[in-house]
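Data first, discussion second: the structure below is written as structure tokens.
Read-outs throughout are calculated quantities, based only on the coordinates presented, and are distinct from any laboratory measurement. None of the values given here were measured: they were computed from a predicted structure. In this analysis, Cβ positions are derived from the backbone assuming ideal geometry, glycine residues included, and neighbour counts consider all displayed protein chains.
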Amino acid sequence: MAKRTPLQLTPALLFTLICAAPALAKSPVATGTGGAVATISEKASESALKILNQGGNAIDAAVAAAATLGVTDPFSCGIGGGGFMVIYLAKENRVITIDHRESAPAAATYRSFTGPDGKALDFETVVASGLSVGVPGTVRGWHEALERYGSMSFKQVLAPAIDVASKGFTVTPTFSRLVQMNEPKFAAFPDTAKLYLRDGKALPAGSVLRNPDLAKAYRDIAARGYRAFYSGPMAKAIVDTVTHPRTAAGRTVPAGTMTLADLSNYEARIRQPIHTTYRGYDIYGMPAPSSGGTTVLEALNILEGYDLKSMPRDRAEHLYIEAARMAFADRNAYLGDPEYVDAPVEGLLDKKFAATRRALIPLDRDPGVAEAGNPYAFVTDPSYPMVPRSAAAAQRPESMHTTHLAVSDKDGNIVAYTFTIESWGGSGMVVPGYGFLLNNELTDFDFMAPAPNVIEGGKRPRSSMAPTIAFKNGKPAFTVGSPGGATIITTVLQTIFNYVDLGMPMDQALNAPRISSRNGSTIDIEPGFPGSAQARALEGYGHKWDPQPDEIGAANAIVFNQDGTVTAVSEGKRHGIGTALVQHKAH
Ligand code: GLU
């Protein structure tokens with residue numbers, strides 16, 4: 001047996017240890033001063049911090065983190081998708097939002113997702129095909145954010161992500177598991193298989209993955225701005241992929257109808273945020289086409305009528321579950337792209353409407369699936385057009401595809417940003433030569449008319465993304481958001497409920513078991529929850545759990561403390577633990 005030599009602290013070893021220090025320091029909670037960031041990816045949080053340290057503001061840092069997430073978390077997000085950004089501009093003391101949701105190609109109609117028999121097409125067949133791909137909005141959204149509210153160029157903010165894509169990053173167990181889950185979908189597309197599979201199998205955790213094609217795409221955008229994406233060779237490659245999907249031998253998938261004109265006509269929208277008050281907080285959220293803000297805010301309005309603090313915890317949680325149920329019934333019935341559908345948002349957010357919904361909730365039992373309410377009675381304009389209500393949508397299984405990041409800077413600007421390519425791995429199609437996956441966002445539309453959220457040319461599918469910023473006494477208090485499809489809404493709502501009503505510190509509010517009631521006959525819960533005292537207490541109200549518990553969401557938050565410090569908070573357990581960083585750590 002070789003004799004073990006004692007460890008010599010040579011200059012080379014010292015250097016290695018110092019370089020490794022940030023990795024050892026990975027932590028889901030950080031408190032300090034200056035800027036702060038929380039994301040689910042260590043590299044992405046580091047990119048944001050780098051930009052903040054170079055003098056960039058929160059908007060610059062958010063784009064830098066997002067671009068890096070596109071490299072390290074490519075199955076959740078990227079330039080092949082879209083998203084929603086809520087921004088607080090400290091100097092002007094106002095909140096604005098950037099909607100850069102994907103849109104349906106102009107040629108889409110309400111019949112695009114029905115077959116010749118008039119029935120809805122098979123969901124999974126549509127997902128992994130050109131039919132599901134919406135015109136990507138991410139690059140246009142980043143452009144608007146930087147151009148209007150940032151202080152740096154694309155070239156500066158994309159540099160950290162280009163570095164990660166070129167030099168590579170270590171594949172995490174979560175990354176490897178996601179590829180494994182997607183092996184059949186990815187194997188159908190040779191350009192995707194080449195990037196993410198080795199001999200048809202997922203890259204193992206610990207291997208280093210480089211994505212030089214994505215580095216090239218980012219470099220093109222750095223050089224030519226958003227036009228590099230929406231016209232020219234990259235646009236042509238996107239359209240070719242959608243309209244002539246390159247599939248493995250013996251496989252065919254339906255083609256989509258996206259054109260170069262669809263890409264060059266794409267625009268992001270600057271929208272006013274929606275707002276409500278909740279127990280002394282001013283809460284700002286994302287308006288339609290996301291249902292996230294409206295649904296979270298309606299549920300808060302319902303909850304506000306209860307004195308939750310004086311109740312036993314199980315009763316308060318029962319009411320949280322029921323408030324979410326009511327708000328989901330209304331979401332499903334009324335919300336869609338506001339450029340196509342006159343959704344009665346004013347009524348949905350009226351406190352008196354919330355009172356009518358609250359009146360239907362028994363304090364001691366679950367009344368079962370709820371019907372939508374009538375928000376039109378609370379709309380000021382009596383001639384307001386009614387939208388066709390959709391039938392109660394079936395509750396779909398939801399996971400935590402998508403990503404959310406939170407950034408603030410030393411001047412008090414805040415960005416809450418959720419963006420996505422929809423399912424894990426989106427449509428499954430990587431654009432050849434450019435290394436990014438195209439979304440399957442159009443499957444967020446209802447497949448069958450009439451419904452406010454049915455697919456139409458140019459329309460944006462209804463989302464659940466809910467980036468949220470809260471203020472108290474006119475000052476930022478906290479920001480939170482999460483991935484998770486429709487469970488995004490309950491994760492954001494429950495985190496606010498845990499923090500404000502149950503008085504948990506934000507890390508506990510995030511780490512607590514998630515309970516997602518979306519007006520179905522069962523409630524989604526996480527592994528380990530069934531059988532717990534908390535679960536048993538809620539069963540006493542008649543609540544029933546989904547038989548297959550699964551991890552819900554991957555939230556990120558920042559708390560603005562009263563002493564002037566900030567606390568960035570990411571997941572302590574879920575999605576392989578997130579990374580929170582601050583510019584100047586408190587000791
Ligand atoms: N497409 C979903 C939405 O916009 C997000 C995807 C997910 O988080 O699963 O609501």
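Fully extending the segment from Ser521 to His244 would add 95.6 nm, taking 0.36 nm per residue of separation and subtracting the current Cα-Cα distance.
For the chain, the dipole from Cβ point charges (+1 on Lys and Arg, -1 on Asp and Glu) about the Cα centre works out to 1380 debye, to the nearest 20. Sequence-ordered 3J(HN,Hα) estimates for region 108-123 from the Karplus curve with 6.51, -1.76 and 1.60 and θ = phi - 60° stand at 5, 9, 5, 9, 4, 10, 10, x, x, 7, x, 8, 5, 5, 5, 4 Hz, glycine and proline given as x. Taking 19 Å as the straight-line reach from the Cα of Lys475, the lysines in range (excluding those fewer than 8 positions away in the same chain) are Lys91, Lys410.
Report note on the peptides 424-432, 210-218, 475-483: ranked by the mean count of other C-beta atoms within 10 Å, highest first, their order is 424-432, 475-483, 210-218. Note on Met506, Met448: ascending count of other Cβ atoms within 10 Å places them as Met448, Met506, the fewest first.
Relative contact order of the chain: what whole-number percent is it, with Cα pairs under 8 angstrom and at least 6 residues apart?
Value for the chain: 25 percent.
Fewest neighbouring Cβ atoms within 10 Å first, the residues Ile40, Ile270, Ile283 line up as Ile270, Ile283, Ile40. Under 20 Å from a label point set 7 Å out along the Cα-to-Cβ vector of Ala237, the amide N atoms of region 426-466 belong to 426-440. Label-to-label distance, Ser166 versus Thr125, with points set 7 angstrom from Cα along the beta-carbon direction: 4.5 nm. Working from label points 7 Å from Cα in the Cα-to-Cβ sense, the Gln272 to Lys26 distance is 4.4 nm.
Using a 7 Å offset from Cα along Cα-Cβ at Lys475, what residues in region 546-568 end up with backbone N under 18 Å from the label point? The answer is 558-568.
Here the Karplus relation 6.51 cos²θ - 1.76 cosθ + 1.60, evaluated at θ = phi - 60°, turns the backbone of region 458-474 into coupling constants of x, 6, 9, x, 4, 10, 10, 5, 9, x, 9, 10, 10, 10, 9, 6, x Hz, with x for every Gly and Pro.
Cross-link partners among lysines for Lys573, C-alpha distance below 24 Å, same-chain residues fewer than 8 apart left out? Cross-link targets: Lys26, Lys43, Lys585. Phi angles of region 279-288 translate, via the Karplus equation with coefficients 6.51, -1.76, 1.60 and θ = phi - 60°, into HN-Hα couplings of 6, x, 9, 9, 10, 10, x, 7, x, 4 Hz per residue; Gly and Pro are given as x.
Does a label point 7 Å from the Cα of Leu360, set along Cα-to-beta-carbon, have any residues of region 295-323 with amide nitrogen under 14 Å, and which are they? The answer is 299, 302, 322-323, whose backbone nitrogens lie closer than 14 Å to the label point. Treating r as the C-beta distance of Lys352 and Ala533 and R0 as 51 Å, the FRET efficiency rounds to 0.85. Estimated from helices alone, the mean residue ellipticity of the chain at 222 nm is -10000 deg cm²/dmol (sum of -39500 (n - 2.57) over DSSP H runs with n ≥ 4, per residue). Listed from fewest to most Cβ neighbours within 10 Å, the set Trp545, Trp142 follows the order Trp545, Trp142.
Between amide H atoms placed 1.01 Å from N, distances below 5 Å from Tyr278 occur with Ile283, all of them 5 or more places distant or on a separate chain. Multiplying the residue separation of Lys544 and Arg251 by 0.36 nm and subtracting their alpha-carbon distance yields 101.4 nm.
Counting only DSSP beta bridges whose two residues both lie in the chain, roughly 95 percent are antiparallel.
In plain terms, the chain from Glu92 to Glu339 could stretch by 86.1 nm, reckoned as 0.36 nm per residue minus the Cα-Cα distance.
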